[in-house]
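S.K.: Here it is, the structure, as structure tokens.
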Amino acid sequence: MDDTAIDYTEVFQALPGMVALLTPDLVYVDANREFLRMAGRSREQVVGRYLFDVFPDNPKGDGASGMRNLAASLKRVAATGERDAMALQRYDVENPERPGEWEGRYWSPVNAPVTGPDGTVVLLVHRVEEVTELIRARGGPTGSRARVLEAELYTRARELQEVNERLRQAHAREREVALALQKAMLPAPRQVGSHRAAVRYRPAAGALNVCGDWYDIVDLVGGHRMGVAVGDVVGHGLEAAGVMGQLRSALSAACRVASGPGEALNVLGRYAHVVDGAESATAVSTFIDFDHHVISYSSAGHPPPVLVHADGRVEFLDQATDPPLDARPDPIPRPQAFTAYAEGATLVLYTDGLIERRGEDIDTGLARLADSLERHRPKDPESLADAVLLELLPPGGATDDTALVIVRL
């Protein structure tokens, strides 16, 4: 069937069950026939009106929380772009024909986002199933068994809602602390002479997926030189943040005394063996010699840096790649390679959140990065960093942290 022949408005109206569309400000955009029928409202009473003007809480309800719970769920979906299935809710509905008369009703709501081309939430799908008759079914509408079942189900649903809310608050607090810790441990952009670095860090799109990635920029002794590194710690949350801070600090110190990035990663690898949580951590280190226009580099299991030459040629620095930091019980010297550049080239270091996608070969992500860098290379480092992140990160956010460093050479 030709998709253009489908009347999606009629499809929406014919959907089984109660379905409504809301703006992120909780104003009704549309509601299907079943929603209006079960709610006992006309389209004119619903569409274009604020949700809780149409369905307020029962002012006489003892401990009524349906409106508060529904508002929290819908706002969470609008903010996160993630679907939210709510626990069973008691939400009394006023009889439209007899104002002031409220009917006790039970509902099972599910709320989901509709995103626009830029990934922002533009609509909320509010699907709800009335389960009043279900929880009153046993023992007749006035029987003692029905009342016991109703009370038990409602009590358990409210307990589940409260537990979920406490978990969300705890996760939000840990995420906030972890991000603050990471911000404190990661360095600000640095400049050596006229060469400025743009840095970006984007946490994963999840409650606790933060603080595994890091970057570092240091001034090196002996001439006009800069050290740039990025790394990735396996794990999430505060524990990963602590490990990240230890490895970043250790590599920063090693770079200041090492003869090159290979030796710096040798030292970091030995240190990683005694740090709990550093298993399978990766890192790449580069030393930039601005006087001689040479970059030396070494990688411990990390995606290769990218050098965008002044003429537009894109070169992946992948000639000195070794296993992750703690992969060998008896460390051996890590490889180190050199490449020359002309003034106006751009060096880019990043973590795998920028290029990896589930079910996709990593070479596809690398090609996507190379194409973006080549097309946007005339931009200054700050604008280039923003353009690359906009093009490469999924609209709803990546499932892994992303660190990015761009240096104009």
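S.K.: Somewhere in region 215-228, is a residue open to solvent by less than 10 Å² (accessible area, probe 1.4 Å), modelled with pLDDT of 90 or more and within 19 Å of Pro303 (Cβ to Cβ)?
M.R.: So far as region 215-228 goes, yes, one or more of its residues are open to solvent by less than 10 Å² (accessible area, probe 1.4 Å), modelled with pLDDT of 90 or more and within 19 Å of Pro303 (Cβ to Cβ).
S.K.: When the residues of region 35-59 are filtered to those that are surrounded by 18 or more Cβ atoms within 10 Å (Cβ to Cβ) and touching a Leu at 6+ places or on another chain (Cβ under 7 Å), which remaining residue is nearest to Arg98 (Cα to Cα)?
M.R.: Val46
Results for (1) assigned to a helix (DSSP H, G or I); (2) touching a helix residue (DSSP H, G or I) at 6+ places or on another chain (Cβ under 9 Å); (3) of a type in the set (A, V, I, L, M), shown as yes or no for each residue.
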residue: Tyr271; (1), (2), (3): yes, yes, no
residue: Ser296; (1), (2), (3): no, yes, no
residue: Ala370; (1), (2), (3): yes, no, yes
residue: Glu382; (1), (2), (3): yes, no, no
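S.K.: Any residue at all in region 273-280 that is outside any loop (DSSP other than H, G, I, E, B) and surrounded by 15 or more Cβ atoms within 10 Å (Cβ to Cβ)? Show your work before the answer.
M.R.: Initial filter on region 273-280 (outside any loop (DSSP other than H, G, I, E, B)): none.
No: zero hits.
S.K.: Among the listed residues Arg334, Arg357, Arg328, which satisfies the condition of being outside any strand (DSSP E or B) and open to solvent by 60 Å² or more (accessible area, probe 1.4 Å)?
M.R.: Testing whether each residue is outside any strand (DSSP E or B) and open to solvent by 60 Å² or more (accessible area, probe 1.4 Å) leaves just Arg328.
S.K.: Counting only residues that are in a strand (DSSP E or B) and more than 25 Å from the chain's Cα centre (by Cα), which one in region 218-231 is farthest from Cys255 (Cα to Cα)? I'd like the intermediate steps shown before the answer.
M.R.: Taking region 218-231 and keeping what is in a strand (DSSP E or B), we get 218-220, 225-231.
Those still in the list that are more than 25 Å from the chain's Cα centre (by Cα) too: 218-220, 225-228.
Numbers: Val218: 8, Asp219: 9, Leu220: 7, Arg225: 11, Met226: 10, Gly227: 7, Val228: 9 Å.
Here the residue is Arg225.
S.K.: Could you tell me whether Gln45 is more than 28 Å from Gly119 (Cα to Cα) and touching a residue at least 60 places away in the same chain (Cβ under 8 Å)?
M.R.: Answer is no for this residue.
S.K.: Here's a follow-up. Going residue by residue through region 93-105, is there one that turns out to be small (Gly, Ala, Ser), out of contact with any helix residue (DSSP H, G or I) (no Cβ under 9 Å at 6 or more places or on another chain) and in contact (Cβ under 8 Å) with a residue 40 or more places away in the chain?
M.R.: Looking for residues that are small (Gly, Ala, Ser), out of contact with any helix residue (DSSP H, G or I) (no Cβ under 9 Å at 6 or more places or on another chain) and in contact (Cβ under 8 Å) with a residue 40 or more places away in the chain, one finds none in region 93-105, hence no.
S.K.: Checking Phe52 against (1) aromatic (Phe, Trp, Tyr); (2) in contact with a strand residue (DSSP E or B) (Cβ under 9 Å, 6 or more places away or on another chain); (3) at pLDDT 80 or above, only one condition comes out false. Which one?
M.R.: (2)
S.K.: Go through region 302-324 residue by residue and tally those that are under 15 Å from Ser280 (Cα atoms) and of a type outside the set (Val, Ile, Thr).
M.R.: So the answer is 5.
S.K.: Out of region 308-326, which residues are of a type in the set (A, V, I, L, M, F, W, C) and either closer than 16 Å to Ile355 by Cβ or out of contact with any strand residue (DSSP E or B) (no Cβ under 8 Å at 6 or more places or on another chain) (or both)?
M.R.: Val308, Ala310, Val314, Phe316, Leu317
The values are calculated or read from the model by the stated rules, or taken from the named source; none is laboratory data. Keep in mind it's a predicted model, so treat the numbers as computed, not measured. As a convention, Cβ positions derive from the backbone with ideal geometry for all residues, glycine included, and neighbour counts pool all protein chains shown. Areas reflect the complete protein model, heavy atoms only, side chains present, ligands, DNA and RNA absent. Shrake-Rupley method; radii C 1.70, N 1.55, O 1.52, S 1.80 Å.
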